[in-house]
Every structure is written in structure tokens, then in C-alpha cells.
């Protein structure tokens, strides 16, 4: 499995991967990096591969995926690898415990165990613990406590912080705690911050990291990844076209009946377009429940609604919108006739806000209702 992982990662973005391997070949490995770029561009998978490559025993071609360090890191079982990601919790819990996992329920701990196993099998799998808001200061303190300990095995330690922008949420104490580690980095250790939103991190943190930018995946690469997972070529192409270079969205699309998903998206968009307060309330309640019970599906539905409006914009401007325009061609034609002055960029931004709202622990019914009202205003062309 580790060998398969490395092959996929190397093919994601040759320019980025060549830069990372050159760093290792020249023995210029830094103490801190920030892997940033749009969602689904392969940053997390690349961070894991980079950790393996640092410790690979085969120097001619690394990571080989077959030596002992590659296998251990690929299975996420190596003591030199530490993964950090947002966890549920409150400031009160953080102040009374030094173990960030003690505040988790048995269900959350079970999910976390299964999620880490899934991540080991598939580096593109995203670990998203229910109710998780941010990387807590207790997690950073735990990192500081363990990072300076001497490892029993040779090789370079690697710490990977997923959704690193959540360090800055709240009072920013987690980011400040990490800054102290970055200012005095542990010996023989590399810290990798992985984030879709590097701009949300304090400049004091970013300035101490070498930034590695990941562009969106091209269609050919995304289709190849889906085919490796056993997805039929025609389905893979369709899902990739609807995902705009986001491999996470493409994989989620491929897991569910396409007609059913498109029907849900159409219903959501049509609800926003009509004057029906009852329908607005109903859809807000449905999406509020989904944001908590199935956050990945929630993000997918919102992303597909964004895709719908993007395709409407392309159709209006005479550009080729591809698969999305073909699927919604009749609805989009009616929309453009009825709302010729709609502020499409503003609508897209409104959907962006609700996409991120669950991570900020906002009151979702209110957020979604405000979004619908905002979209209604922008349909008339208002900023």
C-alpha cells in the first residue's frame, strides 16, 4: 500500500515534487514548511510522502515505499511521525488536561482510530473529527513536550499539522504557542503546516516557514487518481469535470449516485431563487443538520451549488462551461433570462462563507438563512 501511495503522490504535481526531492538530495531540509493551495490539490498526501522521503533508505529513488521507514511512515505507525489536526473541545477543557485526547467521547475516539487507518490506506482521505473547531493549545503543548525528546531510532522527525489555519482561531493562543516552537525548532525535526487558507495564519508564523504552493490538480491527474481507486473511466471524467481540480470533491462525487446528487443541488438552488420563506426555513434546517452529522456531504452540496452558479456565469459570458453546463443547461438558461443582472461573484462569495461556517462553530440556521437573504439581494445585481 505504501508503494502505491508514493507513486500517486509523485504524479500529482511534478514541479512541486521535484522541488521537494531536490531539497532532500541537497541535504537542505528546513525546520518548517507551509504546504498551501486550494482544497483537494494533494497537499496532505504530499506532506506524508515528503516525511517518508526524508527517511527513505533508498537514495536513488525516494520514497521507495518498500524500505522499513517508508512502510512505517506510510502506515502512520512510525514514532518519528506525528500528525496534528483539529479536535473538539472548549477552553475550559484545555485548561484542565494535558492530554488533548482525554476530552474526546468514546465515539469520537473510535472515529479517530478509524480515520487514521483510512488515512494510512488512502493519503487523500481527509480526517475531519465531528465537532472539531481548531487545533487546541493543549495539542501544541503536547507537541512541544514530545518534539524535544530524543528518538530511539535514527532518521528525521516530522510533524504534520492538518488544517493549520485553525491554529489562529479564537484568541490565537495555539498559533502563539506554535510560534515558540518555530523560533527554537527541535533538532533533526521538520514541521509541516498544511492549509487551504495560509492567509489566515499570523505572519509571524508564516515568516518562519518555507512556503510550498500547490496548484489545482489538472483533469488528467485527477482522473488517473480515481482510476487507481477502481472508478470507471467515464464516471471518473464526469466527477473530475464537476470538481474543478479538487480531488476530495471528485472522490465524494464518485461514491454516490450522480443523478441523486444533481437533483439535490437543483433543489437547493431553486429554493434560493424563489420567494418562499417556508422553503428557506426547511432547507436551512436540513443543511444545518447535515453540517453537524455529515460535514463532508455538506461541503459537497455547497460546492456543487457554487459550481452551478459558476456554470451559469460561463454560459452568460459565452464561454464553454463543460459538463456542468450540459447537465443544468435548461435551468441555467431560465436563470440567465430571469436574473440578467445577478452579481455572480457576490453569490459565489456568500456560498464560500457558509462552506466555512461549520469549522468556526457558528449557529448554522442563522448563517444559512442570512446566506439565502444575501443571495436574494445579489440576484438583483446589488453588491
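Quick note: the coordinates plus some simple rules give every number you see, no bench work behind them. Here the structure is a predicted model, which means the values were calculated and not measured. Quick reminder, even Gly has a Cβ in these numbers, built from the backbone with ideal geometry, and neighbours come from all protein chains shown.
Between the Cα long axis of helix 364-379 and the first principal axis of the chain there is an angle of about 50°, rounded to the nearest 10. What is the antiparallel percent of DSSP beta bridges lying wholly in the range 2-213, to the nearest 5? The antiparallel fraction comes to roughly 5 percent. Springs join every pair of Cα atoms under 10 Å in this Gaussian network model of the chain, and among 154, 284, 41 the largest mean-square fluctuation is at 154. Sorted on the mean count of surrounding Cβ atoms within 10 Å across their residues, most packed first, peptides 349-356, 201-208 read 349-356, 201-208. Shape summary: the range 2-213 maps onto an equivalent ellipsoid whose semi-axes, from the alpha-carbon gyration tensor, are 26, 19, 17 Å in decreasing order. Convex hull volume per residue, computed on the Cα atoms of the range 256-379, equals 99 Å³.
With one equal scatterer per alpha carbon and no solvent term, the Debye-computed log10 I(q)/I(0) for the range 163-207 at 0.14, 0.17, 0.26 1/Å reads -0.30, -0.45, -0.98. Taking the DSSP bridge list for the chain and keeping only pairs wholly inside it, about 5 percent are antiparallel. Summed over qualifying helices (DSSP H, 4 residues or more, each -39500 (n - 2.57)) and divided by its residue number, the chain shows a 222 nm mean residue ellipticity of -17500 deg cm²/dmol. All Cα-Cα separations within the range 155-229 were binned at 5 Å from zero, giving a P(r) of 3, 13, 22, 20, 13, 10, 9, 7, 2, each value a whole percent of the pairs.
For helix 14-25, report the angle its Cα long axis makes with the longest principal axis of the Cα atoms of the chain; keep it between 0 and 90° and round to the nearest 10°. Computed tilt is about 10 degrees. Over the chain, Cα pairs under 8 Å with separation of 6+ residues give a relative contact order of 18 percent.
Expressed per residue, the C-alpha convex hull volume of the range 219-271 stands at 70 Å³. Counting only alpha carbon atoms, the long axis of helix 258-273 and the longest principal axis of the chain meet at about 60°.
Each principal axis of the Cα cloud of the chain was evaluated for its coordinate range; sorted largest first, these ranges are 67, 48, 37 Å.
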